[in-house]
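The values are calculated or read from the model by the stated rules, or taken from the named source; none is laboratory data. Everything numeric here is computed off the predicted structure, so don't read it as measured data. Cβ sites come from the backbone with ideal geometry, for glycine too, and all protein chains shown count toward neighbours. Just so you know, the surface numbers come from the protein's heavy atoms only, side chains and all, with ligands and any DNA or RNA stripped out. Shrake-Rupley method; radii C 1.70, N 1.55, O 1.52, S 1.80 Å.
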Amino acid sequence: MPKLKVDGIEVEVPQGATVLQACEAAGKEIPRFCYHERLSIAGNCRMCLVEVKPGPPKPQASCALPAADNQEVRTDSAMVKAAREGVMEFLLINHPLDCPICDQGGECDLQDQSLAYGRSHSRYTENKRAVTEKYMGPIIKTVMTRCIQCTRCVRFGEEVAGVEDIGAIYRGENMQITTYLEKAFKSELSGNTVDLCPVGALTHKPVAFEYRPWELRKHLSIDVTDAVGTNIRLDSRGRQVMRVLPRINEDVNEEWAHDKARYHVDGLVRRRLDRPFIRKDGKLVEASWEEAFDVVAAAARAAGSSVAAVAGDLLDCETMFAAKALLKELGSTLVESRQTGMAYDVTSLGAVAFNPTIAGVEDADAILLIGSNLRWEAPLINTRVRKAIKKGAKVFALGPEVDLTYKLEWIGNDLATLGKLPENVVQAFDGAKRPIVIVGPGALKDGFGPALALVEPMKLVRTLDDGTAWNGFGVIHTAAARMGALMLGFAQSGGIADVVAAAPKLTFFLGADEVDFSKFENSFKVFIGHHGDKGAHHADVILPGATYAEKPGTYVNLEGRVQRANRAVFAPGDAREDWTILRALSEKLGHTLPFDSFDELRAAMASDVPALGEEGLVRYEWKAPKLQTTASGPVSYPIADFYLTNAICRASPTMQRCSAELIHGEDFAEAAE
C-alpha cells in the first residue's frame, strides 16, 4: 500500500488509489467537475490540479495520477492556486450568467467552486458562444450553453445505465453533448444524469422553474414504486412534495434512483381521494366520516366473521398489522397481499427472499435469470448485474428476450429447460464460487418449484473459502409491501384465490387497485386508499387514506431489509393516515384496537414480529419447501408498462408522458424557447 505525504500529512492508501483519493484521505478537499467516484476517469476538466514531487515542475491532474510511495503532494501552494484560478477562468469564458434563472442555482458545483477557487474578476471581453438546445425526452431539460463538457452524463449512460444514447459531437470549442439524433434518452435511470451534472446544463424538466432549493424542507423516506427499497429524500414546499432525490446507501441503491421513483410525485396531488364516499343508488356520493363508518358497521354486523382484507403494493407494515388485528377481532384470518392473483409457497420466508443481497450480486460469477425482466422489475439490481459482468460473470436467462443493457445468453422460453439445462450453463455454475439463480415474478406461478430444485445440484447454498455463508437463491418481487406482508402473515396458502373461494360478505381493500374486482361482486367492498383509481370505482364505501409521503411507516425490501420512512407532508382534505382509520373504525365496530398512537402501534407490531422492531437486514432461515419440480410452457413478464405500475404513477402527467413517448413511441412537439 503506497505511503505518501499530502501537505505534510502522511497517509497510506490502497494499491491503485489516485492522488485525489489520497488527498481526501488526508482530509483535503479537492475541487472537481469531471471526476466521480462511480464513473471511469476522464481527466478533462483539470480542476483537480495539485503539485506533486518528484515530478515535472507543473501542476498535475490528481484524479488521473496514481498514488505512489514517497510522493509529496501540495494542494495549497501558489502554483496550485494560480492553476485552479486559470482553469476556472477558462471554464467561465463561455458559461452564461444564468444563475438568477437557473434551476441548479443554490446547489451548483460551478457556483460553489468559482467562489472558492476562482478569481474575483474576469479578463474576458469577447462574445460568448451559444449552443442550440438538445431534446433529451420528457425527463431532462437541457440548456447546453451552460455545459462545461465534463462528460459525466456520457459516462453514466455507457457504464451504469448501459444505454449509449448520449455522446459528444464536434471538437474543441465547438464540442457539444447530445443524444443520438436528438431523440429521448431511453433509460429508466436517466434522471441520475441531472444529479451528476455539476452545472445547470441538465435539470429536471417536470419541475422547471417551480422552486429554489432553499425553499424546500427535506424528509428521509423509502421508495415504494418497486421492492428494492431505494433510500430517498422527499423535498417538500408547503403541502406538496416537489421532488425526490436518492440518498446514499451502498447496500441498496448506492446513490442512484430510477425515473419512476423520482418523477411520480406530481401524481401525489392529482386524482386524490380527499373525503369519504358511500354508494347510493349505484352512485358514489360524498359523506361524513360518521356516515361512512355507520354504513361499514352495518355491513360488518351483517357479515359476522365473513370478512377479508386485501393489501395493495404500496402499503406500510403498520397498516397491514392494524388491519390483521381488526380482522382477528372480527373472527377472520382472511388476509392477502398478493392482489394480482399470484400464488406461491410462503411457508419458508427464506425461499421467497432475495438471499444473495443486492450488493452481493456484484460478486457473483455465474447468474441465471428465470422469468425476470430485471430492467423493469428492479432497475437498481440490473445495474449490479452489469457490474458483475464487468468483473467476469457469465449471465444466462430464460424467458422472452428483452434488452437488459448487457450481453447475456438466452436459453429459450420454456420452463422445461430447467429440468435439463444446456451444458454450457452447467459448466459455468460448476466452476462458480458465488453462483446466483434469480427467479422473477414471471416464473413464480409455475417455475418456483423447478427453480428451487436447482439449489442442491448447483450448490447455491454453501460455505465460502473464507468461512462466510453464501445463499445464491433470490426471488424478485415488484411490490414494496410484499416482504413485510409475508413477515406479518398477510397471506393465504393459495393466494387471493383462497379469499375468493371463502366468498367474504365484507372485504377491505387497502390501497389494492390491481384486484380482479369481478370476483368480489357479492361482497360489500370498502376501499381505504388515496387515489381515485380502479379500487375506488368498484367500492361501496371509500375511506380516504394517505400516501407513503403523508405518513410514517415501515417497509421491508425484497432482500429482507427493514427500513423506516418519515412523513413529508399531510394528506389533503379529510384524508387520514390508514392506521387511524382502522383504529377509529374498530371503536365503531365495538372491537377497539389496543393502541392509540403510532408509537404504540409500532411497539405492538414489534412485539408480534420482533424482526420488524429494528432497522436492518433480516436473515431468514433457509428451508426450501418441497414443490412440484417439473414444469413446461413459456413464461411472461407481468409488467407491461414500466411507468404505469401503480395508482400514483397512473395519476402522474410525467409518468403518462414517459409511457406514451418511451414505451409507445408517440412523438411530442417541443416549443422553441
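Summary of the geometry: the range 615-649 and the range 18-45, compared by the centres of their Cα atoms, lie 40 Å apart.
Look at where the Cα atoms of the range 316-350 and of the range 429-453 average out, and the two centres are 26 Å apart. The convex hull drawn around the Cα atoms of the chain, when projected onto a plane and averaged over every direction, covers 32.8 nm². Relative contact order, whole percent, for the range 313-403 stands at 26, derived from Cα pairs under 8 Å and 6 or more residues apart.
Relative to the longest principal axis of the Cα atoms of the chain, the long axis of helix 289-303 makes an angle of roughly 50 degrees.
Contact order, relative form, for the chain: 14 percent (alpha carbon pairs under 8 Å, 6 or more residues apart, mean separation divided by residue count).
Would you list, by chain and number, the lysines whose Cα falls below 21 Å from the Cα of LYS218, excluding same-chain residues fewer than 8 positions away? Within the straight-line cut-off, LYS218 pairs with LYS205, LYS260, LYS551. Length gained on full extension, LYS420 to ARG38: 133.6 nm, using 0.36 nm per residue less the C-alpha separation. Across VAL439, VAL87, the residue with the most accessible area heads the list, and the full order at a 1.4 Å probe is VAL87, VAL439.
Under 19 Å from a point 7 Å along the Cα-to-Cβ line of SER305: which residues of the range 555-584 have their amide N that close? Counting only backbone N, you get no residues. Less than 5 angstrom separates the built amide H of GLY118 from none of the residues sequence-distant by 5 or more or on a different chain. Only Cα sites of the range 507-568 enter the Debye sum here, all with the same form factor; the resulting log10 I(q)/I(0) across q = 0.17, 0.19, 0.26, 0.27 1/Å is -0.66, -0.76, -0.99, -1.02, listed in q order.
Legend: calculated FRET efficiency, GLU12 to ALA501, from the Cβ-Cβ distance at R0 = 51 Å, rounded to 0.05, equals 0.15. Calculated mean residue ellipticity, 222 nm, the chain: -6000 deg cm²/dmol, from DSSP H runs (n ≥ 4) at -39500 (n - 2.57) each, averaged per residue and rounded to 500. Accessible area of VAL515, 1.4 Å probe, to the nearest 10 Å²? Its accessible surface works out to 10 Å², give or take rounding.
Of all DSSP-defined beta bridges confined to the chain, some 60% are antiparallel rather than parallel. Beta bridges per DSSP, both residues in the range 528-673: antiparallel share near 75 percent. Rounded to the nearest 10 degrees, what's the angle between the helix 379-390 long axis and the longest principal axis of the chain, both from Cα atoms, 0 to 90? Relative to the chain, helix 379-390 is tipped by roughly 50 degrees. Ligands, DNA and RNA are left out, and with a 1.4 angstrom probe the accessible area of the range 388-442 is 47 Å² per residue. Please find the FRET efficiency linking GLU85 to GLU521, where r is the Cβ-Cβ separation and R0 is fixed at 60 Å, and quote it to the nearest 0.05. Calculated value: 0.20.
Heavy-atom surface analysis with a 1.4 Å probe gives the chain a carbon and sulfur content of 49 percent of its accessible area. Centroid-to-centroid, using Cα positions, the range 468-533 and the range 564-608 are 20 Å apart.
Stretching the chain fully between ARG247 and LEU617 yields a gain of 131.4 nm (0.36 nm per residue, less the alpha carbon separation).
Averaged per residue, the range 271-314 has 49 square angstrom of accessible surface, using a 1.4 angstrom probe with ligands and nucleic acids left out.
In the complete set of protein chains, residue-level accessible area for TYR344 is approximately 10 Å², probe 1.4 angstrom. A DSSP coil position with no more than 10 other Cβ atoms inside 10 Å describes the following GluC sites (Glu not before Pro) in the range 99-139: GLU126.
With everything on Cα atoms, drop me the angle between helix 578-588 and the longest principal axis of the chain, reported from 0 to 90° to the nearest 10. For helix 578-588, the angle is close to 20 degrees. Which residues does the label zone of SER493 cover in the range 344-360, counting backbone N under 14 Å from a point 7 Å along Cα→Cβ? It comes to 344-348, nothing else.
Against the empirical curve 2.2 N^0.38 Å, the C-alpha radius of gyration of the range 599-673 lands at a ratio of 1.97. Each residue of the range 515-527 is assigned a 3J(HN,Hα), and the resulting list reads 6, 7, 5, 5, 7, 10, 4, 8, 10, 7, 9, 10, 9 Hz, derived from the Karplus form 6.51 cos²θ - 1.76 cosθ + 1.60 (θ = phi - 60°), x at Gly and Pro.
Applying 1/(1 + (r/R0)^6) with R0 = 35 Å to the Cβ-Cβ distance of GLU215 and LYS588 gives a FRET efficiency near 0.25. Largest to smallest in accessible area, the residues PHE642, PHE209 fall in the order PHE209, PHE642 (1.4 Å probe, all protein chains included).
Please sort by residue number the GluC sites (Glu not before Pro) in the range 519-604 whose DSSP state is loop and whose Cβ has at most 14 other Cβ atoms within 10 Å. Sites meeting the loop and neighbour criteria: GLU521.
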